[in-house]
Amino acid sequence: MIPISENNSSSEQARIKTISRQRFKTMFSTAGFILVLSLGFFTVMGLLGSYSVDFCLSTLRQEAQNTKNNINRHISTFKNDMDVLACLIGQEDNLSSIEVHKILEAYEKKDIISKLGILLPDNRVMMPDGTCTVSINTVSFDELAEKGPFFSDAVQDPLEPGNWIVYYSIPIQDASHTEGILLGIIELDHISRYFEVYLFDGNSSLSIVDSKNMDLILNTLHGRTENTNVQKGRQIKNGYSEQQLIRDFSEGQKGMTAYFSPDLQEYLYTAYEPVGINQWFLLLSVPESTVLEGTQYIKTVLLWLCIFEGIISLIYFFLILFYSQREMKSKEAEIRHIYYMYNIQQTLFDAYRQPENILISLEMVARATTARFTLLAAIADNEVCRVFTWQEKPDEENSQKRMKQIAQVLAEDMMLRHYGYTVSAKGASARAGNKPADKITELLDTFGVSTLMAIPIEGQEHHLIGVLAAIDMAHPCDTTDLLTCVAFSFSMALYNIQAYETIEKMGTTDSLTNLRNRNSYEQKISQYEANPPARLTCIYADANGLHELNNSQGHTAGDRMLQFVAHVLADAFRDGYVYRIGGDEFLAFTDLDEASAAELAAEAKKKAQESGYHVSIGTASGDSTMSPSSIVKTAEQRMYEDKRLYYIGANDRRQMR
């Protein structure tokens with residue numbers, strides 16, 4: 001036995017007391033923690049009902065705002081579509097044309113649009129199938145035309161009594177007057193289905209109130225009833241003010257309320273938001289029983305949550321971090337995609353006047369697809385008629401010729417294929433559709449193409465009008481989405497260019513002879529007057545006996561004579577400019593000397609005479625010191641002298657064969 005001294009005993013007791021005190025401190029701390037935790041738990045339990053209400057209100061506020069934004073976004077898209085549609089229809093000559101019907105049919109049932117029609121000046125509504133129905137009986141053509149773009153209040157559909165609708169009207173105008181009014185009709189039942197809110201296990205309801213008269217326009221809980229007043233028979237819950245509700249409605253402010261529903265026999269917690277259309281308010285409601293039914297379940301979950309809080313919080317944190325990063329990348333990619341489509345659409349908008357915008361757009365496509373080359377081949381009559389190309393290094397040797405050859409191969413293949421694809425030289429396998437055709441495989445080998453993505457550009461009735469391709473991509477794509485999403489913009493650009501050139505040709509080309517017309521002649525003579533050439537030779541020609549030929553053999557024979565004369569003159573002066581400036585008068589400009597021009601004119605005259613036609617011709621030439629108009633006048637006078645000599649003879653040459 002080891003003896004314990006008094007000092008050691010005192011020290012040991014001191015340590016025991018210290019340990020005991022520490023133990024008590026730990027016990028009291030633990031007990032205090034347990035007591036605080038218990039008090040906190042019971043306090044949370046006591047406040048859980050209030051928390052459930054607050055959580056419900058917060059959710060309602062957020063969902064109401066999201067729903068309002070969703071409605072505004074779709075309504076804005078709807079209005080923009082209607083504006084574009086009105087512009088397209090306004091370009092047509094006749095509102096009852098097949099093209100107008102096709103345009104209406106293409107847009108009908110799009111997004112939230114229920115019906116489309118055109119209100120005619122006689123107050124009938126023309127439908128997409130060409131039939132005419134009675135108008136919306138609350139408005140007239142003149143009233144809507146005076147209002148301009150207009151979004152209506154809720155009215156009954158005249159064709160389906162009891163079916164409530166709203167409509168957006170926009171005048172269809174030509175240069176001088178309003179031809180018709182485009183009506184885009186939205187059925188309120190369609191709105192309730194389209195913007196259905198699935199909240200609190202489907203126990204929520206969506207309503208729309210017109211704050212002007214406090215009438216319910218839409219109520220997914222009770223169904224819509226005409227002249228149903230939102231204030232009638234509804235008692236406001238304690239803690240909420242009816243005056244505040246009325247004030248918010250009058251000032252267009254959002255807020256919260258709770259009112260008693262006679263149909264459900266309980267209170268409805270409601271968040272309201274101004275819609276931004278007329279004076280409408282959106283109401284999102286949930287029954288009080290739904291708000292409180294999960295309280296007991298939350299209490300049980302809360303007990304277990306205290307035990308696993310750390311693990312769950314950690315897992316939740318990493319999940320949120322993972323999903324937020326993925327969602328952020330997805331949103332960034334989506335935004336870049338939208339801006340990519342928008343920028344190309346804006347750039348191609350006036351490409352018919354500025355063709356260089358197509359090259360700018362092709363560069364955007366190249367940046368998006370990481371391609372070294374991009375091309376757009378325009379196809380007409382199953383042949384490539386024009387090729388637009390962009391390349392990373394424009395000074396590459398023979399690059400333009402190479403791109404045109406590639407465009408021809410792609411066009412020939414696409415006429416057979418009619419779908420987009422991506423192809424890689426490694427394995428030469430198409431990722432969209434079947435295996436690549438032999439032409440594409442040969443193209444990869446012949447031109448040293450590593451990767452290729454191509455899509456068809458289709459016009460009306462899915463007719464192939466072009467090919468869009470990205471070549472030698474640094475990061476190959478698995479799909480053709482980056483090209484497909486801008487295909488319509490390129491299709492419209494090609495269509496507009498073709499239409500613009502057709503109109504331009506009609507204004508400068510004679511339709512009978514295919515020569516340049518008088519408008520083109522006037523432009524050219526103005527250019528010569530402003531900047532006289534070093535030498536200008538004019539050949540003035542007149543087809544003799546046109547009037548007599550028309551009278552004796554008919555205008556068809558006269559047209560054949562004019563076409564033949566135009567042909568021999570165009571063939572003789574193919575390096576110059578040949579015009580038909582009048583009924584039987586032709587004129588040509590060339591830089592040849594007068595003797596050479598006169599020789600060519602004589603040959604043309606001889607060819608015409610061999611075919612039974614007679615042409616009087618006069619030539620004149622001058623340098624930059626002479627007025628081009630005076631040169632033309634001299635040639636005209638010499639032509640008249642030649643005509644005079646033609647008609648002086650023993651025979652009456654006015655009797656044309």
*Cα centroids of segment 498-522 and segment 532-607: how far apart, whole angstrom?*
17
*Using amide H atoms built 1.01 Å from N in the peptide plane, name the residues 5+ places from residue 465, or on other chains, whose amide H lies under 5 Å from its own.*
457, 458, 459
_Tail fraction, Cα-Cα pairs, segment 113-176, threshold 16 Å, whole percent_ = 46
_If DNA, RNA and ligands are ignored and the probe is 1.4 Å, what is the ranking of 571, 481 by accessible area, most exposed first?_
481, 571
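Could you calculate the contour length gain from residue 304 to residue 92, that is, 0.36 nm times the residue separation minus the distance between their Cα atoms, to one decimal place in nm? Please list the in-between numbers first.
Values: separation 212, 0.36 × 212 = 76.32 nm, distance 7.00 nm.
Once the chain is fully extended between residue 304 and residue 92, it gains 69.3 nm.
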*Apply 1/(1 + (r/R0)^6) to the Cβ-Cβ distance of residue 382 and residue 460, taking R0 = 22 Å, and write down the FRET efficiency to the nearest 0.05.*
0.85
*Name the chymotrypsin sites (Phe, Trp or Tyr not before Pro) in segment 319-415 that are in a loop by DSSP and that have at most 15 other C-beta atoms within 10 Å, would you?*
349
*Debye-sum result for segment 85-144 in log10 I(q)/I(0), which assumes one identical scatterer on each alpha carbon, at q = 0.19, 0.21 Å⁻¹*: -0.71, -0.86
*Tell me the trypsin sites (Lys or Arg not before Pro) within segment 107-165 that lie in a loop according to DSSP and have at most 16 other beta-carbon atoms within 10 Å.*
109, 110
*Near the amide H of residue 269, under 5 Å away, which other amide H atoms are found, from residues 5 or more places off or on another chain, if H is placed in the peptide plane?*
286, 288
*P(r) for segment 550-650: what percent of alpha-carbon pairs falls in each 5 Å bin, starting at zero?*
2, 12, 21, 26, 20, 11, 5, 2, 1, 0
*Length gain on complete extension for the stretch residue 339 to residue 142, per 0.36 nm per residue less the alpha carbon to alpha carbon distance?*
66.9 nm
_Karplus-derived HN-Hα couplings along segment 453-470 (A = 6.51, B = -1.76, C = 1.60, θ = phi - 60°), whole Hz, x at Gly and Pro_ = 10, 9, 9, x, 9, 10, x, 5, 6, 6, 7, 5, 10, x, 9, 10, 9, 10
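Leaving ligands, DNA and RNA out of it, rank 393, 643, 329 by accessible area with a 1.4 Å probe, largest first.
From most exposed to least exposed: 329, 393, 643.
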*Amide H to amide H under 5 Å from residue 215: which residues, 5+ apart in sequence or cross-chain, H placed 1.01 Å off N in plane?*
210, 230
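Once you've got the Cα coordinates, tell me which of 79/331; 505/606; 329/393; 110/254; 393/524; 331/404 are over 27 Å apart. It would help to have the intermediate numbers written out before the result.
Values: 79/331 25 Å; 505/606 31 Å; 329/393 31 Å; 110/254 31 Å; 393/524 38 Å; 331/404 38 Å.
Too far apart for the 27 Å limit: 505/606; 329/393; 110/254; 393/524; 331/404.
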_trypsin sites (Lys or Arg not before Pro) restricted to DSSP loop in segment 332-411 with at most 16 other C-beta within 10 Å_ = 353
*Give a residue-ordered list of calculated ³J(HN,Hα) values for segment 529-544 (Karplus: 6.51 cos²θ - 1.76 cosθ + 1.60, θ = phi - 60°; whole Hz; x for Gly, Pro).*
5, 6, 9, x, x, 4, 8, 9, 10, 10, 10, 10, 10, 9, 7, 6
*List, in order, the whole-Hz ³J(HN,Hα) value for each residue of segment 626-637 obtained from phi through the Karplus relation with A = 6.51, B = -1.76, C = 1.60 and θ = phi - 60°; use x for Gly and Pro.*
9, 6, x, 5, 5, 5, 4, 5, 5, 4, 5, 4
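The values are calculated or read from the model by the stated rules, or taken from the named source; none is laboratory data. None of these values were measured; they are calculated from a predicted model. No Cβ is skipped: glycine too gets one built from the backbone with ideal geometry, and neighbour counts run over all protein chains shown. Protein only, heavy atoms only, side chains kept; ligands, DNA and RNA dropped before computing areas. Shrake-Rupley method; radii C 1.70, N 1.55, O 1.52, S 1.80 Å.
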